[in-house]
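Engineer: The structure under discussion is supplied below as structure tokens; questions concerning it will follow.
Nothing in this text is a laboratory measurement; each read-out follows from the coordinates by a stated rule. The shown structure was predicted, so the numbers you read here are calculated from the model rather than taken from an experiment. As a convention, Cβ positions derive from the backbone with ideal geometry for all residues, glycine included, and neighbour counts pool all protein chains shown.
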Amino acid sequence: MLSTALIVFREILEAALVVSIILAATKGVYRRGYWVAWGVVGGILGASLVAVFADAISAWASGAGQELFNAGVMFIAALMLAWHSIWMSKHGREMAVQLTQVGEAVSSGDRALSGMAIVVAVAVLREGSEAVLFLYGIAASDPNQTWQMLMGGLLGIASGVAMGIALYFGLLRVAMRHLFKVTNGMIILLAAGMASQGVAFLVSANWLPALGETLWDSSWLLKESSIVGKMLHTLIGYSAQPSGIQVLTYLATLIIITALVRRSGRPSKKSLPLKNTGSSLT
Amino acid sequence: MQLRISSLVKTVSAAAALAFISMAQPALAADAEVSLVIKDHLFTPNPLEIPADTKVKVTLENRDQTTAEFMSDDFKGGKLVTGGKTVSFFIGPLKAGTYEFHDEYKESISKARLIVK
């Protein structure tokens, strides 16, 4: 039961961390709970569908379906995260000033949040589907273990969610006026990590050249499969044996998003006056 | 401004997508192929031997009912295979040496060796 819990925990952890960063990053945005909840529900439904059709997906593109699917999912998430951080750089200041929603930003807030809902859905879908396949496999091979498996699965999910909650409240301890800066930085790293993982899937499908199979090997220092390795894998895209193209993609994503954020964050003539930042916040 | 940025983002992402499509050549042929079977959570053959500095296509057949995931702490690559199914994936090119791999879901009992030479 404990080994089941541990495996499910490792699968759920990634999704839980993504959700908690997004919750912290959208603190104070109108109706974020609604969108994030939809993301989670959509992700769970999606995970079950992916698990049911796993064999069909696997058979796509002469057997490279799993890799292509995962890569597609990663790129969608990276794009949505990029969009969000650009949007936040424009509206984050307004929200830091007033915390509750500025009227005119409500409609565009909804649009930006739908992007975040997609990221949440995608993270839950990918990790959740592996957990479902794993649990289903146990149930299929040994029906007597179903009860143990269920308990182990629930324990794993609960621990993963607990880690997410811990990260969320940890982030909230960051002073409000810095919160968006911190979470926006985390989201950009998340996006870069996901883009480079997406590229790694395309390399393993043999659709892209690796440009150097193993640029470095830091597995002696930190294994990617360890809990800490997994967390860093999610949070900053840590890879113990990255290929050249992965590192290139990572850096390119960082640079492109940062440049776009800078560009859109530059105060334009229409911006609100921002004199009282920080005074009436906490 | 917002409009300009979102169109900029769209342009950049479209360009990136195009770059991907043009770079992506389905199946740059692998230089070697091996097959691997997992049964009772054990891999055969063990050790698995592959040539050094070569991209190798691995065909993995899962003869158990449980889901398995080929995984290594020493090199990249690997894949999930549901019960009773066969998948293939690529590993390498790897330098000569001995590497470990395992089924992520049964790590302790499924440890196997990969010999690259």
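Engineer: Where in chain A lies the longest segment free of trypsin sites (Lys or Arg not before Pro) that are both loop residues by DSSP (not H, G, I, E, B) and have at most 11 other Cβ atoms within 10 Å?
Structural biologist: Longest site-free region, per DSSP loop and neighbour criteria: A:1-172.
Engineer: Given a Förster distance of 45 angstrom, what is the FRET efficiency for B:Gln65 paired with A:Thr258, based on the Cβ-Cβ distance and rounded to 0.05?
Structural biologist: E(calc), rounded to 0.05, equals 0.40.
Engineer: Separate question: Starting from a Cα-only point model with no solvent, please compute log10 I(q)/I(0) by Debye for chain A at q = 0.06, 0.09, 0.10, 0.11 1/Å.
Structural biologist: -0.20, -0.46, -0.56, -0.68
Engineer: Just A:Asn206, A:Asn184, A:Asn70 to compare: in a GNM of chain A, with alpha carbon springs under 10 Å, which one fluctuates most?
Structural biologist: Between A:Asn206, A:Asn184, A:Asn70, it is A:Asn206 that shows the largest mean-square fluctuation.
Engineer: Listing A:Leu171, A:Leu49 from the residue with the fewest other Cβ atoms within 10 Å to the one with the most, what is the order?
Structural biologist: A:Leu49, A:Leu171
Engineer: Further, regarding this structure: Check B:Ala52: other-chain or 5+ apart residues with amide H under 5 Å from its amide H, H built from backbone geometry?
Structural biologist: Result for B:Ala52 returns B:Lys117.
Engineer: Of A:Ile245, A:Ile255, A:Ile118, which has the largest mean-square fluctuation in a 10 Å C-alpha GNM of chain A?
Structural biologist: A:Ile255
Engineer: Apply the a/c threshold of 1.5 to the C-alpha gyration tensor of segment A:168-251 and tell me whether it is rounded, prolate or oblate.
Structural biologist: It is prolate, given that a/c is not under 1.5 and a/b is the larger ratio.
Engineer: Evaluate the distance, in nm, between pseudo-label points positioned 7 Å from the Cα of A:Leu248 and of A:Thr146 along their respective Cα→Cβ axes.
Structural biologist: So the two model labels end up 5.1 nm from each other.
Engineer: While we're on this one: In degrees between 0 and 90, to the nearest 10, how far off the longest principal axis of chain A does helix A:227-236 point, with axes built from Cα atoms?
Structural biologist: 40
Engineer: Could you go through segment B:54-63 in sequence order and give the Karplus-derived ³J(HN,Hα) for each residue, using 6.51 cos²θ - 1.76 cosθ + 1.60 with θ = phi - 60°, rounded to whole Hz, and x for Gly and Pro?
Structural biologist: So the J values, rounded to whole Hz, are 9, 7, 10, 8, 9, 9, 10, 9, 9, 9.
Engineer: Between B:Val81 and residues 5 or more places away or on another chain, which pairs have amide H atoms under 5 Å apart, with H built 1.01 Å from N, and which residues are they?
Structural biologist: Amide H to amide H, under 5 Å and 5 or more residues apart or across chains, B:Val81 pairs with B:Ala68, B:Glu69, B:Phe70.
Engineer: ³J(HN,Hα) across segment A:195-210 via Karplus (A = 6.51, B = -1.76, C = 1.60, θ = phi - 60°), whole Hz, x for Gly/Pro?
Structural biologist: 4, 6, 5, x, 5, 4, 5, 5, 5, 6, 7, 6, 9, 10, x, 6
Engineer: Shifting gears a bit: Please turn the phi angles of segment A:59-68 into ³J(HN,Hα) values with the Karplus equation 6.51 cos²θ - 1.76 cosθ + 1.60 (θ = phi - 60°), one per residue in order, whole Hz, x for glycine and proline.
Structural biologist: 7, 4, 6, 6, x, 9, x, 4, 5, 5
Engineer: For helix A:105-141, report the angle its Cα long axis makes with the longest principal axis of the Cα atoms of chain A; keep it between 0 and 90° and round to the nearest 10°.
Structural biologist: 10
Engineer: Cut-off is 10 Å between beta-carbons; in what order do B:Glu100, A:Glu130 appear when sorted fewest neighbours first?
Structural biologist: The most exposed by this proxy come first: B:Glu100, A:Glu130.
Engineer: Same structure, new question: State the extension gain, in nm to one decimal, for the chain segment bounded by A:Ala56 and A:Ser226, taking 0.36 nm per residue of separation less the distance between their alpha-carbons.
Structural biologist: Net length gain for the segment: 58.2 nm.
Engineer: Please find, in a Gaussian network model of chain A (springs between Cα atoms separated by less than 10 Å), the residue of A:Ala61, A:Ala131, A:Ala77 whose mean-square fluctuation is greatest.
Structural biologist: Comparing A:Ala61, A:Ala131, A:Ala77 in the GNM, the peak value goes to A:Ala61.
Engineer: My understanding is that a pair violates if its Cα-Cα distance is over 22 Å; which of A:Lys230/B:Lys55; B:Lys39/B:Lys85; A:Lys223/B:Lys85 do that in this structure?
Structural biologist: A:Lys230/B:Lys55; A:Lys223/B:Lys85
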